[in-house]
Amino acid sequence: MMKKGQVYYYLLIVSIVAVVAIVVLFKMNNNNNSNNNTFSDQSTAVISEESDLAGEAISRVKPICKETDVDKPLKEEFVAGEITFTNLKNNGESFQDTKKDYCKDNKFLIEYSCKDYKYKGSSVSISSTVYHAVYCENGCNQQQGVCNVGSDSGQQEQLCIDDDGKNIHNKGSVYGKYYLSESPSSDEEIVFSTQYDTCSKVESGAEFPDGKYVAENECDKNDFIHTYYYKCPETEWCYDGECKPIKCVDPDGNDLTTKTKVTGYNPLSESMTAWGDYCSETKTSGSAKSGKYINEAVCNGINIDYLKPTECPSDQWCYDGACKKKA
């Protein structure tokens, strides 16, 4: 049995431990409150910062500016162009904007250029910072939005660019001076343009998707674009601006029971053409809706041709270009 003094001793120890525990718990609680307050303040600061940035949301968008009349053999004012760039609305919202060069009057050109692009990243409009005015010594072409090129413009040393030379087997393009009309009356009708090679049925004729001739655009000695006509070789034909090997296509492969059209070269007319299968009443008569004979269009190498009139089998009759069972 414990003595009275020992009991008092143990009670004292327990009391001290309890007091220490209470103090520790109290301090821990204060620290947690302090941390929570700090986090709350930081959150408020972040929210406030985001609110401040709302008017400059564009600053988080990478601005762009692209220009179409750069990297040309001429100065920008002599080439019709436009720029596409990141612009701002009055509320600070970003959007993609496009501006084209234009004549302010007969002497001044408004030239939009990425060189003048100054991105502000604020709610203030920046459209006024993407252009500069150019004085056109030979006048401003209102239709094209370019300065006219005259003999004294200092541009004569500039080159006309032909990306394929006289290659009739490649559809090329030429960038250079170009007259708006066949009989220009002044320098105002001169523009800088890109012209692509095309095809023509006849020499110096109108443009067509296909033809016997390539209308090849080239540079002349004065840096103007001039069109020259070249006849494709005998076994070739012009398709989409270049000479390509002629192909004769027979979809049904001489099948008398199927009506089709054969596409190939006609040496008589010197042209590509399409002939279809047809019926005839005799071997020498012309086309008929029905008859005893079928005239089958076929390929003869690259040329289109007809087989000799062929009599349909005894149990068949030719209807609309094909041998079919008799009705």
Test: residue in the range 171-180 that is surrounded by fewer than 18 Cβ atoms within 10 Å (Cβ to Cβ), small (Gly, Ala, Ser) and modelled with pLDDT under 80: no
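A quick yes/no check of all residues on (1) under 23 Å from residue 222 (Cβ atoms); (2) among the aromatic types (Phe, Trp, Tyr); (3) surrounded by fewer than 20 Cβ atoms within 10 Å (Cβ to Cβ); (4) modelled with pLDDT of 85 or more:
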position	(1), (2), (3), (4)
114	no, no, yes, no
118	no, no, yes, no
158	yes, no, yes, no
167	yes, no, yes, yes
Any hit, the range 184-192, residues being part of a strand (DSSP E or B) and modelled with pLDDT of 80 or more: no
Residue tally, condition under 30 Å from residue 268 (Cα atoms) and surrounded by fewer than 21 Cβ atoms within 10 Å (Cβ to Cβ), over the range 201-228: 12
Residues of the range 229-254 that turn out to be buried (at least 16 other Cβ atoms within 10 Å of the Cβ) and out of contact with any strand residue (DSSP E or B) (no Cβ under 9 Å at 6 or more places or on another chain), as a count: 0
Filter result for residue 239 (at pLDDT 90 or above, among the hydroxyl-bearing types (Ser, Thr, Tyr), in contact with a Phe, Trp or Tyr (Cβ under 9 Å, 6 or more places away or on another chain) and within 22 Å of residue 199 (Cβ to Cβ)): no
Any hit, the range 205-222, residues being more than 30 Å from residue 314 (Cα to Cα) and in contact with a Pro (Cβ under 9 Å, 6 or more places away or on another chain): no
Residue count for the range 193-231, restricted to those that are small (Gly, Ala, Ser) and modelled with pLDDT under 90: 4
Condition check for residue 275: assigned to a strand (DSSP E or B) and within 40 Å of the chain's Cα centre (by Cα): yes
Identity of the residue in the range 255-293, surrounded by 14 or more Cβ atoms within 10 Å (Cβ to Cβ) and touching a Pro at 6+ places or on another chain (Cβ under 7 Å), that ends up nearest to residue 325 (Cα to Cα): 293
Selection status of residue 283, basic (Lys, Arg), in a loop (DSSP other than H, G, I, E, B), over 30 Å from residue 211 (Cα atoms) and not assigned by TED's automatic domain parsing to the domain that holds residue 235: yes
Single unsatisfied condition, residue 313 versus (1) under 47 Å from the mean Cα position of the chain (by Cα); (2) in a loop (DSSP other than H, G, I, E, B): (1)
Which numbered condition residue 258 misses (of (1) in contact (Cβ under 8 Å) with a residue 60 or more places away in the chain; (2) under 30 Å from residue 173 (Cα atoms)): (2)
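The values are calculated or read from the model by the stated rules, or taken from the named source; none is laboratory data. Predicted model only: the values in this text are computed from it and were never measured. Neighbour counts run over all protein chains shown; Cβ positions are idealised from the backbone, glycine included.
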